[in-house]
Amino acid sequence: MNVLKPLIPLLAVSMGMVHPSAFAQSSTGAAPQWKNTVELYLMGPSLDGSVGLGPIDGDVNVDAGTVFDALDGAFLGTYVGEAERWGVLADLAYMDLKEDGTGPGGAVNYEVNVKQTIFGLVGLYRLTDTLQFTFGGRYVDVSNRLTLTGPNQGGGAKASESWFDPTVGLRYVAPLGEKWVFNGAADIGGFGVGSDFTWYWAANIAYRMTPWAQIYAGYRYVDFDYEDGEGRDRFKFDMAQHGPLVGFRFEF
């Protein structure tokens, strides 16, 4: 089972890039008609925790530079649709990470590939002009492949896991003058359905460049406590991830 050990740090990097629930509303008050918001964003996470594959556990301490070094492809985007009282928020985060290396003694080369998809879908219910209740969940799918090549051996291993975390939370949006907007959100989830427990908070400040376009910058913190399976099938992800984010959003 030691063949899976190189997967542990890269798996942690992939999970750290997730954006478990984004928020893109940019004005307050009940909208008289359906309003659409689309955003693209980028995050530079740091990770602290541990990951387990089968009998192997590894501590993880990963900075944002490691993420970008391993990145082979990605898409991070959010859609928000809102009426006067109700709304919906969907978030998709796809990562393709790859890392090459050489084993002890230099006799064996390895390639680690991690593909991760996280899709979040939550309903929105407006409590006040600036505060919304959120309810829904996130589906997580992670696929890992390790390939070994050398003079006298070749082969590899695969591991994958998927789960669903129900979530509930709050979303807060308030103007800061005519051009600036504060966005904040927090939720908790898992409850043993997927993760034993997961929680996050995030905040950003947006600047309105035009009536329909904004740029924003902020910070978020998310924590997963997930474990499933036994023996060779065991999968563990106990990780806190935090870091800055930047993005662009437009409304129509």
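Observations, loosely collected:
- Complete set of residues in the stretch 214-252 that are hydrophobic (A, V, I, L, M, F, W, C) and either farther than 19 Å from Gly58 by Cα or without any contact (Cβ under 8 Å) to a residue 60 or more places away in the chain (or both): Ile215, Ala217, Val222, Leu245, Val246, Phe248, Phe250, Phe252
- No other residue among Phe248, Phe237, Phe191 is among the aromatic types (Phe, Trp, Tyr), in a strand (DSSP E or B) and over 14 Å from the mean Cα position of the chain (by Cα) apart from Phe248.
- Set side by side, the residues Val51, Val60, Val18, Val38 differ, and just one is modelled with pLDDT under 75 and among the hydrophobic types (A, V, I, L, M, F, W, C), which is Val18.
- Put simply, of Asp223, Asp187, Asp233 the only residue that is over 17 Å from Asp91 (Cα atoms) and surrounded by 13 or more Cβ atoms within 10 Å (Cβ to Cβ) is Asp223.
- For the stretch 75-93, the count of residues that are over 17 Å from the mean Cα position of the chain (by Cα) and without any contact (Cβ under 8 Å) to a residue 12 or more places away in the chain is zero.
- Hits in the stretch 113-139 (condition: in a strand (DSSP E or B), hydroxyl-bearing (Ser, Thr, Tyr) and surrounded by fewer than 14 Cβ atoms within 10 Å (Cβ to Cβ)): Tyr125
- Entry remark, the stretch 194-233: residues being of a type in the set (Val, Ile, Thr) and either over 20 Å from the mean Cα position of the chain (by Cα) or at pLDDT 95 or above (or both) number 3 in total.
The values are calculated or read from the model by the stated rules, or taken from the named source; none is laboratory data. The model shown is predicted, which means the values in this text are computed figures rather than measured ones. No Cβ is skipped: glycine too gets one built from the backbone with ideal geometry, and neighbour counts run over all protein chains shown.
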